[in-house]
1. In region A:16-36, how many are more than 7 Å from chain B (Cβ to nearest Cβ) and surrounded by fewer than 21 Cβ atoms within 10 Å (Cβ to Cβ)?
2. Given the residues A:L39, A:L57, A:L44, which is the only one that is modelled with pLDDT of 85 or more, in contact with a helix residue (DSSP H, G or I) (Cβ under 7 Å, 6 or more places away or on another chain) and more than 8 Å from chain B (Cβ to nearest Cβ)?
3. Identify all residues within region A:179-215 that are of a type in the set (F, W, Y), within 13 Å of another protein chain (Cβ to nearest Cβ) and touching a residue at least 12 places away in the same chain (Cβ under 8 Å); write none if there are none.
4. Given region B:29-101, what strands (runs of 3 or more DSSP E) lie entirely inside it while holding 2 or more residues that are open to solvent by 20 Å² or more (accessible area, probe 1.4 Å) and more than 9 Å from chain A (Cβ to nearest Cβ)?
5. Given the condition within 16 Å of ligand 1 (Cβ to nearest atom) and either in a loop (DSSP other than H, G, I, E, B) or in contact with a Cys (Cβ under 6 Å, 6 or more places away or on another chain) (or both), answer yes or no: does some residue in region B:12-21 qualify?
6. Anything in region B:253-266 that is within 16 Å of ligand 2 (Cβ to nearest atom), open to solvent by less than 10 Å² (accessible area, probe 1.4 Å) and outside any helix (DSSP H, G or I)? List them, or say none.
7. If the Cβ limit is 8 Å and pairs must be 6+ apart or interchain, which residue in region B:132-147 that is over 11 Å from B:V44 (Cα atoms) pairs with which residue that is loosely packed, with under 13 Cβ neighbours inside 10 Å and at pLDDT below 90?
8. Please go through region B:193-227 and pick out each residue that is under 17 Å from B:M354 (Cα atoms), more than 8 Å from every other protein chain (Cβ to nearest Cβ) and near ligand 1 (Cβ under 8 Å from one of its atoms).
Amino acid sequence: MNILLWGVLPYVMFVVLVGGLIWRYRYDQFGWTTRSSQLYESRLLRIGSPIFHFGLLAVIAGHFFGLVIPKSWTEAVGMSEGLYHFNALLVGSIAGVGTLGGIIILIYRRRKTGPVFMATTNNDKLMYVVLVAAIIFGLWTTVASVFSNTHGITYRDTVSPWFRSLFILQPDIAAMAAAPLAFHMHTLVGMALFTIWPFTRLVHAFTAPLHYLFRPYIVYRSRDKGASVPARSGWSEVGTRDRDTRKR
Amino acid sequence: MRVMAQMGMVMNLDKCIGCHTCSVTCKQAWTNRAGVEYVWFNNVETRPGQGYPRRYEDQEKWKGGWELNKRGRLKLKAGGRVKKLFGLFASPLQPELKDYYEPWTYDYKTLVDAPLGDDFPVARPKSLITGKDTKITWSANWDDDLGGTTEMGHLDPIVEKVRRESEDKIKLEFEQTFMFYLPRICEHCLNPSCMASCPSGAIYKRVEDGIVLVDQDKCRGWRQCMTGCPYKKIYFNHKTGKAEKCTFCYPRIEVGLPTVCSETCVGRLRYLGLFLYDADAVTAAASVTDPQDLYQAQMDVLLDPHDPAVIAAAREQGIQEDWIDAAQKSPVYALTKVYNVALPLHPEYRTMPMVWYIPPLSPVVDLLRDQGHDAEDPDVLFGAIDALRIPVEYLAELFTAGDVDRVTLVLRKLAAMRAYMRGISLGNEPDESIPASVGMDGATMYEMYRLMAIAKYSERYVIPKAHAEQAHDLEEMGCSLDFDGGPGMGAMGSSPFGEASGRPTPVAVETFHALQDRQTSDSVAGADTLSGRVNLLNWDGNGAPPGLFPQRHPTEPPADVAALEGGGGA
Ligand code: SF4
Ligand code: SF4
């Protein structure tokens with residue numbers, strides 16, 4: 001069981017994520033969009049969306065520190081266990097609560113604003129469930145890490161080594177299996193999130209337009225370049241489904 | 001000097017009757033789909049009025065276009081690149097649906113289905129966004145023909161500005177109001193701020209003809225272009241999640257047909273043609289300090305297509321002879337740079353717009369006529385242009401960043417043309433002092449009159465066709481485009497080896513050619529052959545055009561094709 005969960009699933013997730021992204025990038029460029037609903041409603045979005053997104057960026061940074069940087073490194077630069085955890089807890093919970101608060105505003109808005117709700121697909125709803133679950137379990141782990149600390153096991157001795165070992169293709173299953181339940185749940189839901197990622201609107205994150213900082217302002221393009229229209233995949237109809245067709 | 005070609009448009013506002021035909025035909029052609037119900041690539045605004053979307057000209061609010069930073073360099077008014085990226089998660093200045101309007105339809109079905117009763121059934125308005133009953137409170141032209149101006153006239157940003165700056169108040173009491181129509185499409189700017197705002201780089205300007213397009217595959221729905229465009233001519237398709245904009249009807253332009261809005265314009269007031277311009281000079285021209293110098297700077301970027309140096313440079317850049325020729329015959333060049341009567345809309349946005357306007361003399365003429373004057377008498381007209389500050393100042397805010405003298409000069413030219421031609425048509429000796437008073441000679445003024453008043457189809461639209469050889473990769477351009485109009489040239493695309501040889505003619509091109517043929521020929525439509533086949537879309541049902549049935553000997557060209565080719569075809 002442990003082998004399946006912590007030795008096989010991560011790789012399955014990885015293959016689906018990368019394969020799905022490549023496949024969608026090649027065949028569904030037209031569907032690759034944020035599908036913003038700001039046109040319908042702007043007031044709540046302007047509050048919720050930045051809180052959520054900036055919170056999420058902080059969360060990602062936090063995961064990077066927690067998972068990638070080994071304990072020995074932070075200790076080597078003289079950061080005590082206590083200080084590290086205080087920091088992680090403080091920053092982590094602020095970021096996590098921000099993300100959760102942001103998404104609660106966004107979901108409230110999505111439910112309560114008629115046009116926005118009508119533009120919500122089943123795909124979106126599934127994605128929201130998994131996303132919210134991942135955030136909630138994530139917050140739970142942040143809290144749990146404080147208490148598990150008292151037993152002398154932290155995720156930095158269990159989850160992080162396992163995570164790093166995945167990359168050298170020798171998953172440290174035992175380490176992960178020893179982690180508390182909250183971490184197991186968070187990791188599983190997280191993997192589910194990454195598995196559905198390429199097939200939801202979340203893909204827009206992978207085309208975050210950082211190259212904007214470097215490209216020239218004016219773009220010239222010759223008519224014959226880029227004019228070869230790639231065949232559509234038939235992966236989905238254009239945009240969200242029409243209300244009329246849905247009724248019929 | 002880097003010479004590039006740009007398709008441009010000029011609209012002669014005096015002729016616009018505000019019929020909205022252009023808007024409707026454009027909508028039928030391009031935006032009659034779900035997700036763009038509220039979108040009008042072409043809209044016609046009544047001025048004074050708030051425009052569409054509401055008060056889009058208020059750049060203090062919307063922050064569209066460019067401005068100069070402290071060092072005098074161009075920067076996006078909405079902020080630099082880093083600021084834009086930080087604002088990505090909720091575009092701070094994006095218009096909402098309520099700034100355009102909530103599109104609706106009517107519940108027509110109840111008119112038929114309603115049970116028998118004492119009352120007439122009513123078709124209720126239904127929102128196209130929510131599908132629920134709705135109350136119609138605004139539209140793309142709610143203040144059409146000054147409707148509601150007494151209450152809302154002061155909301156026009158230009159009225160606000162002129163009022164602030166002038167001693168006397170713009171009167172908006174209904175009977176004293178001046179009025180004209182302003183049809184608007186995307187300006188296909190030389191220095192487009194929509195493009196500069198797009199984080200994905202999905203908006204591009206075509207090298208060949210300068211048409212600005214959104215790559216639907218590359219757009220990721222970040223919506224920064226909507227903020228960036230000061231004319232608010234980029235729209236968000238709320239179903240596909242992508243930005244859409246006026247395409248300058250590029251599939252039509254490529255085969256030499258005018259845009260749909262031009263073709264269907266009732267007033268025949270739109271002109272289409274080429275500009276040659278110096279692409280290297282654009283940024284500097286858009287950066288001149290005084291906004292009132294922008295008009296001249298923009299004019300200087302446009303190159304004289306008769307200048308041998310320009311021609312040589314154009315050839316060097318690979319611009320084909322027929323394009324240079326078209327640039328020389330271009331009506332838009334003549335109106336902007338030879339006669340100097342066409343002005344850009346809001347040059348102060350610094351985007352170098354390429355849809356130009358001949359300002360309307362009619363507000364002045366109408367006011368004069370209402371006051372019982374002879375509105376055709378040059379002295380009265382000239383005097384009035386100077387005396388009637390308000391309409392002129394208003395026009396100056398629209399077209400010259402407030403430079404009243406420039407607008408006055410153009411209006412004087414139009415007034416002079418009116419007076420000069422009246423003299424001629426009354427059988428008097430041409431009064432050469434009239435053109436001289438606006439710095440023109442009689443012959444030039446007469447030419448200008450021909451172009452502006454007679455405005456023949458072939459002079460209004462000088463559109464060189466796209467070169468197929470440039471577009472070898474372009475599937476839609478696979479056929480020979482040597483098709484010069486007229487029924488004699490029906491042998492388009494027929495190949496010496498029979499129907500199946502060569503490349504297939506793509507349907508779009510074939511249809512457009514047949515359409516052009518039908519619109520410009522006198523014979524039964526469909527009498528020509530299309531690669532030995534017939535295009536049923538354009539067949540009007542009269543007779544059986546050759547090619548309707550397969551050839552018996554596919555290696556021989558059809559008889560009529562051979563005959564036509566013998567007669568000096570393509
Ligand atoms: S008018 Fe057209 S080209 Fe100019 S900024 Fe707006 S959308 Fe872009
Ligand atoms: S069709 Fe022509 S005359 Fe009618 S509103 Fe449009 S531009 Fe004006």
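The values are calculated or read from the model by the stated rules, or taken from the named source; none is laboratory data. Keep in mind it's a predicted model, so treat the numbers as computed, not measured. Here Cβ is always computed from backbone atoms with ideal geometry, including for glycine, and neighbour counts include all displayed protein chains. These accessible areas exclude ligands, DNA and RNA; they are computed on the full protein's heavy atoms, side chains included. Shrake-Rupley method; radii C 1.70, N 1.55, O 1.52, S 1.80 Å.
1. 13
2. A:L44
3. If the condition is that a residue be of a type in the set (F, W, Y), within 13 Å of another protein chain (Cβ to nearest Cβ) and touching a residue at least 12 places away in the same chain (Cβ under 8 Å), then A:F206 is the only one that fits.
4. In region B:29-101, the matching strands (runs of 3 or more DSSP E) lie at B:66-68.
5. Checked against the condition, which is being within 16 Å of ligand 1 (Cβ to nearest atom) and either in a loop (DSSP other than H, G, I, E, B) or in contact with a Cys (Cβ under 6 Å, 6 or more places away or on another chain) (or both), region B:12-21 yields no hits at all.
6. Once the filter is applied, which keeps residues that are within 16 Å of ligand 2 (Cβ to nearest atom), open to solvent by less than 10 Å² (accessible area, probe 1.4 Å) and outside any helix (DSSP H, G or I), region B:253-266 yields B:P258, B:T259.
7. B:L146/B:F174
8. B:S193, B:C194, B:V212 - these are the residues of region B:193-227 that are under 17 Å from B:M354 (Cα atoms), more than 8 Å from every other protein chain (Cβ to nearest Cβ) and near ligand 1 (Cβ under 8 Å from one of its atoms).
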